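Comments concern the structure below.
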Amino acid sequence: MKRHPEILSAALLAIALAGAGCSAARKDLGEVQVKTLKPMTSTQRFDYVNFHLEEGRVFVSSPFTPVDFDLVALDDGCLRGNSGTRQLYYCPVSQRPDEDGTYHWRSVGSDLAAFSTKIKDGGRVLEIDATTFRAELELGRTPVDAQIRKHPGLIGAAFARGLFPASKDEEGSDSLHHEWKYVIAR
């Protein structure tokens, strides 16, 4: 079978231009690292997970790959994306938070995931609750941290999907509720 280099070149150029057009639609905010200060074991290979943020979008970059988790915030408040071959679709239970500022999220469709997010301590901490696991993520004052505050469900869904690094329980945790703390490193 003879290949036609001009057709192949034109197809690759079209794909590159389409990809460039898609990526130009969202402002790139860069890479952050969610890191545990208490790895589960002393020989734990990864005590971090890198995420790449754009306005209204987050995807994992290492030690996983972007196809392992990619999620976008929609205009209706819901989150859509994919994790491997699985489609992800989460919506807030209510358009308004609870009295304490907690938003509750649940999956739409066959995936039975639910989690909640809450910005507390004057915007310094994002608390994520997923079944029996709770994470606290310390935030700073960068544009990336502001994006996490604006769309906490994006990072909340990553935690609920099990993408944060393994961590030892914080003092006061028990078998019914594991509490972990993380920091964002740049």
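The values are calculated or read from the model by the stated rules, or taken from the named source; none is laboratory data. What you see is a predicted model, and the numbers here were worked out from it, not measured in a lab. Neighbour counts run over all protein chains shown; Cβ positions are idealised from the backbone, glycine included. In case anyone asks, the SASA skips ligands and DNA or RNA and just uses the protein heavy atoms, side chains included. Shrake-Rupley method; radii C 1.70, N 1.55, O 1.52, S 1.80 Å.
Scanning segment 109-126 for residues that are surrounded by fewer than 20 Cβ atoms within 10 Å (Cβ to Cβ) and either basic (Lys, Arg) or under 12 Å from Val183 (Cα atoms) (or both) turns up Lys118, Lys120, Arg124, Val125.
Taking segment 75-91 as the range and being of a type outside the set (Lys, Arg) and farther than 21 Å from Arg26 by Cβ as the test, the residues that pass are Gly84, Thr85.
Yes or no, residue by residue, for (1) modelled with pLDDT of 95 or more; (2) within 11 Å of the chain's Cα centre (by Cα); (3) under 21 Å from Pro92 (Cα atoms):
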{"site": "Glu136", "(1), (2), (3)": "no, no, yes"}
{"site": "Gly140", "(1), (2), (3)": "no, no, no"}
{"site": "Phe159", "(1), (2), (3)": "no, yes, yes"}
{"site": "Phe164", "(1), (2), (3)": "no, yes, no"}
{"site": "Gly172", "(1), (2), (3)": "no, no, no"}
{"site": "Ser175", "(1), (2), (3)": "no, no, no"}
{"site": "Ile184", "(1), (2), (3)": "no, no, no"}
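All conditions but one from (1) assigned to a loop (DSSP other than H, G, I, E, B); (2) over 14 Å from the mean Cα position of the chain (by Cα) apply to Lys118; the one that does not is (1).
Each residue in segment 130-152 was checked for being crowded, with 16+ Cβ neighbours inside 10 Å and part of a strand (DSSP E or B), and 6 of them qualify.
For Gly56, the criteria (1) on the phi > 0 side of the Ramachandran plot; (2) open to solvent by less than 50 Å² (accessible area, probe 1.4 Å); (3) over 13 Å from the mean Cα position of the chain (by Cα) hold in every case but one, which is (3). Within segment 142-157, track down each residue that is among the hydrophobic types (A, V, I, L, M, F, W, C) and within 11 Å of the chain's Cα centre (by Cα). Passing the criteria: Ile148, Leu154, Ile155, Ala157.
Give me the residue from segment 153-186 that is assigned to a loop (DSSP other than H, G, I, E, B), in contact with a strand residue (DSSP E or B) (Cβ under 9 Å, 6 or more places away or on another chain) and among the hydrophobic types (A, V, I, L, M, F, W, C) and, out of that set, surrounded by the most Cβ atoms within 10 Å (Cβ to Cβ). Filtering first and then ranking leaves Phe164.
Tallying residues that are of a type outside the set (Phe, Trp, Tyr), touching a Gly at 6+ places or on another chain (Cβ under 8 Å) and open to solvent by 60 Å² or more (accessible area, probe 1.4 Å) within segment 75-105 yields 2.
Let me confirm something: among Gly77, Gly109, Gly101, which residue is without any contact (Cβ under 8 Å) to a residue 24 or more places away in the chain, part of a loop (DSSP other than H, G, I, E, B) and under 16 Å from the mean Cα position of the chain (by Cα)? Residue meeting the stated conditions: Gly77.
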